[in-house]
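**Q** Following this message is one structure expressed as structure tokens.
Every number here is computed from the coordinates shown, using simple stated rules; none is lab data. Computed from a prediction, not measured in an experiment: that's the story for all the values here. Cβ: placed from backbone, ideal geometry, glycine included. Neighbour counts: every protein chain shown.
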Amino acid sequence: MKKVLPYIPVVLSLVILGAHFMRYGNLVGVFLFLALTALLFVRQAWVARLMQVVLVLGAFEWVRTLYELVQVRAAHGQPFVRMTLILAAVAAVTFCSALLFQLPVLKRIYRLDRSD
């Protein structure tokens with residue numbers, strides 16, 4: 001069970017990023033995030049580093065999206081505080097998911113101790 005728990009936020013972050021791209025009709029992005037989720041089964045150091053880069057970039061994508069949506073809602077006089085809190089939390093979880101690859105259990109699984 002200890003080996004499975006760190007994957008939950010990582011997979012959740014990747015799936016939600018895929019759904020984000022699906023909402024905008026970007027099927028390439030959807031398939032990319034599905035492939036990245038499957039890539040988690042490859043126990044190589046480069047996979048862990050790739051996931052970290054993708055998740056950090058994903059967090060930046062959430063912040064960018066948040067900024068754009070707040071601008072639109074504010075311009076139309078619509079409420080935006082709740083949306084801001086939700087998307088900020090999603091961005092934070094996505095960013096923290098990248099940090100999970102620094103846990104000893106995932107470092108051992110992806111052989112990061114030997115390659116660092």
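**Q** Pop out the ³J(HN,Hα) list for segment 31-45 in order, Karplus 6.51 cos²θ - 1.76 cosθ + 1.60 with θ = phi - 60°, rounded to Hz; leave Gly and Pro as x.
**A** In residue order, the calculated couplings are 5, 4, 6, 5, 5, 5, 4, 5, 5, 4, 6, 7, 8, 10, 4 Hz.
**Q** Can you give me the relative contact order of segment 52-116 as a percent, contacts being Cα pairs under 8 Å and 6 or more apart?
**A** Answer for segment 52-116 is 44 percent.
**Q** Hey, if you drop one equal point scatterer on each alpha-carbon of the chain and run the Debye formula without solvent, what base-10 log of I(q)/I(0) do you get at q = 0.09, 0.13, 0.21 Å⁻¹?
**A** -0.28, -0.54, -1.12
**Q** With springs only between Cα atoms under 10 Å apart, run a GNM on the chain and tell me which of Gln102, Gln44, Gln71 wobbles the most.
**A** Of the options given, Gln71 has the highest mean-square fluctuation.
**Q** Then there's this: Looking at segment 77-116, which trypsin sites (Lys or Arg not before Pro) are DSSP coil and have at most 12 other C-beta atoms within 10 Å of their C-beta?
**A** none
**Q** With each run of n ≥ 4 DSSP H residues scored as -39500 (n - 2.57), what mean residue ellipticity at 222 nm is computed for the chain after dividing by its residue count and rounding to the nearest 500 deg cm²/dmol?
**A** It lands at -25500 deg cm²/dmol.
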